[in-house]
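Here's the structure, in structure tokens; my notes come after.
The values are calculated or read from the model by the stated rules, or taken from the named source; none is laboratory data. All values derive from a computational prediction rather than experimental measurement. FYI the Cβ positions are ideal-geometry reconstructions off the backbone, even for glycines, and counts take in every protein chain you see. The accessibility values were calculated without ligands, DNA or RNA, using every heavy atom of the protein model including side chains. Shrake-Rupley method; radii C 1.70, N 1.55, O 1.52, S 1.80 Å.
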Amino acid sequence: MNKIVVGLVAGVVLGALDGATAWFYPETRPLIGGIVAGSTFKGMLVGLASGWFARKVDSIKWGVVAGAALGLLLAFGVAVMDAASGQQHYLEIMLPGFVTGAIIGFSTQRMGTRKAA
Amino acid sequence: MEVNSDPADLSDSVVDHLRQVAGLPDLSGTRYELEGEIGRGGMGVVYQARDRQLERRVALKVVEAALAGEAALIARLEHPAIVPIYEAGTLPDGRAFYAMKRVTGVRLDRYAGAGRPVAERLRVIRRVGEALAFAHSRGAIHRDLKPQNVMVGEFGEVYVMDWGVEAVGGTPGFRAPEARLDQRSDIYALGALLQFVLPAPAPAALSAIARKAMSAEAGCRYGDVEEMLADIGRFEDGLAVTAWREPPMHRVARFWSRNALLLWLLTAYAAVKLGIFFWPYR
């Protein structure tokens, strides 16, 4: 499996799981379907970008940094959209997005094959 | 001028000098000029010589004519970790010689001193193993692998030297117990070499690899060098080695060590989620 596919799979799975944790919060439980779908899509984008990065750079440290930065950036976008609808959940969205991105970045460095030079 | 021809009148230093010169090979008729002795073993003497034609220093090994096949053996083994042969020939006295690359560096017995990281020691063993595996694939065996026959060059390159001929019987401590040496005997010697370079106390998994390679029963050793190198590679990757059934606590510690960053990230994720869940201002 190449690193982009690893990133895609890790991003989709972790994004979906991250979104699913919204079920534990009573105020977001009614919106769980949309949250899981959005979080899965966000995870997929982070995974694809992290996988592409992992093909270029062979470093767990920089893979984690890149994944975390991407996760934070996309989560910030989601939080801004959320704020536009009148709610302020920057911390609740961005912190998990940051750590999930780091895990996806780690996974793409640890697993998958790099394209032959 | 009167010359005293009575040998009894020669000084001891002159006699010593004559004895030394008489033992030196006669390189007339070759393109090499003798510069000095590098070392000697049971099978021959290695000299430093200058190649007059190419203006470079070479190592020149002089062996008995019966052992001339040694050069042909090594010449077949073209590998980055095997010293290349430049030329082979016969001296006027009938002895055989071959010129090879003059390797400068440190012998493994000196290189594997204190302070050298385990990873670097394993790198050298891996290079030696690769050379052995290559030689075995060509039907050759070393017969006398020991730290004195491994040189680490100034750029970190590793050379396995003194490839053996039938007459070589190995060195105690590195020689397999069986009477007839074969590829498994080289695996025994590689295990002994691994044990030699390991620091004290050595990681248990690496000691187990060395022990398995050095099994008295040849059938209990690794099947081939690649199999042994794969086990060393598993150790380097933080995986379980086949030579050792590790205790459960060691397995947990190894798993933690190998996945420490991932476990920390998962812990951080759980902490973030729990923190948000219990945060009173949410």
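Here is how the numbers come out for the structure above:
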{"quantity": "Inter-probe distance in nm under a simple model that places probes 7 Å from Cα toward Cβ, at B:Phe277 and B:Ala65", "calculated": "8.9 nm"}
{"quantity": "Paired Rg and Dmax values of the protein assembly as shown, which use every Cα atom, in angstrom", "calculated": "32.3, 123"}
{"quantity": "Longest segment of chain B lacking GluC sites (Glu not before Pro) that sit in a DSSP loop with at most 16 other Cβ atoms within 10 Å", "calculated": "B:79-153"}
{"quantity": "Computed magnitude of the charge dipole of the protein assembly as shown (debye, nearest 20; Cβ of K, R +1, Cβ of D, E -1)", "calculated": "2040 debye"}
{"quantity": "Summed buried accessible area for B+A [probe radius 1.4 Å, Å², rounded to 100]", "calculated": "1500 Å²"}
{"quantity": "Which of A:Val5, A:Ala22, A:Ala83, positive extreme of dipole for segment A:3-110 (C-beta unit charges)", "calculated": "A:Val5"}
{"quantity": "Percent accessible area from carbon and sulfur atoms, the protein assembly as shown, protein chains only, probe 1.4 Å", "calculated": "61 percent"}
{"quantity": "Pairwise centroid distance, computed over Cα atoms, of segment B:64-99 with segment A:24-41, Å", "calculated": "76 Å"}
{"quantity": "Segment A:3-110: relative contact order as a whole-number percent, Cα under 8 Å and 6+ apart", "calculated": "34 percent"}
{"quantity": "Sum of -39500 (n - 2.57) over DSSP H runs of 4+, divided by residues of the protein assembly as shown (222 nm, nearest 500)", "calculated": "-16500 deg cm²/dmol"}
{"quantity": "Low-density loop positions, trypsin sites (Lys or Arg not before Pro), segment B:42-94 - DSSP coil, at most 16 other Cβ in 10 Å", "calculated": "B:Arg52"}
{"quantity": "Cα-based Rg of chain B normalised by 2.2 N^0.38 Å, two decimals", "calculated": "1.41"}
{"quantity": "Most fluctuating residue given options A:Gly38, A:Gly19, A:Gly67, as computed from a GNM of chain A linking Cα atoms under 10 Å", "calculated": "A:Gly38"}
{"quantity": "Set A:Lys3/B:Lys273; A:Lys56/B:Lys273; B:Lys101/B:Lys212; A:Lys61/B:Lys212; A:Lys3/A:Lys42 screened for pairs whose C-alpha atoms are more than 25 Å apart", "calculated": "A:Lys3/B:Lys273; A:Lys56/B:Lys273; B:Lys101/B:Lys212; A:Lys61/B:Lys212"}
{"quantity": "Helix B:118-137 vs. chain B, principal-axis angle (Cα, 0 to 90°, nearest 10)", "calculated": "60 degrees"}
{"quantity": "Between segment B:210-282 and segment A:64-96, the Cα center-to-center distance that results, in Å", "calculated": "34 Å"}
{"quantity": "Sparsely packed trypsin sites (Lys or Arg not before Pro) within segment B:124-160, loop by DSSP, other Cβ within 10 Å at most 16", "calculated": "B:Arg138"}
{"quantity": "Cα-based helix-to-principal-axis angle, A:90-110 vs chain A, degrees rounded to 10", "calculated": "20 degrees"}
{"quantity": "Cleavage-rule hits (chymotrypsin sites (Phe, Trp or Tyr not before Pro)) in segment B:182-282: DSSP loop, at most 10 neighbouring Cβ within 10 angstrom", "calculated": "B:Tyr281"}
{"quantity": "For segment B:105-246, size of Cβ-based charge dipole, Lys and Arg +1, Asp and Glu -1, in debye", "calculated": "280 debye"}
{"quantity": "Alpha-carbon centroid distance for the pair segment A:1-22 / segment B:147-196, whole angstrom", "calculated": "50 Å"}
{"quantity": "Cα-centred dipole magnitude for chain A, charges only on beta-carbon of K, R (+1) and D, E (-1), debye, nearest 20", "calculated": "640 debye"}
{"quantity": "Nearest-ten-degree value, helix B:12-23 long axis tilted from longest Cα axis of chain B", "calculated": "70 degrees"}
{"quantity": "Relative contact order (%) - segment B:105-246, alpha-carbon pairs under 8 angstrom, separation at least six", "calculated": "24 percent"}
{"quantity": "Length-normalised contact order of segment B:210-282 in % [C-alpha pairs under 8 Å, at least 6 apart]", "calculated": "15 percent"}
{"quantity": "Dipole of segment B:14-101 [Lys/Arg +1, Asp/Glu -1 at C-beta], most positive-end residue of B:Pro25, B:Pro80, B:Met100", "calculated": "B:Pro80"}
{"quantity": "Residues in segment B:236-277 occluded by at least 40 Å² - accessible area, probe radius 1.4 Å, against chain by itself", "calculated": "B:Arg258, B:Leu261, B:Leu262, B:Leu265, B:Tyr269, B:Val272, B:Lys273, B:Ile276, B:Phe277"}
{"quantity": "Among B:Leu263, B:His250, B:Ser215 the positive-end extreme of the charge dipole of segment B:141-282 (Cβ point charges)", "calculated": "B:Leu263"}
{"quantity": "Stokes-Einstein D for segment B:105-246, Kirkwood Rh over Cα pairs, 20 °C, 1.002 mPa s (µm²/s)", "calculated": "143 µm²/s"}
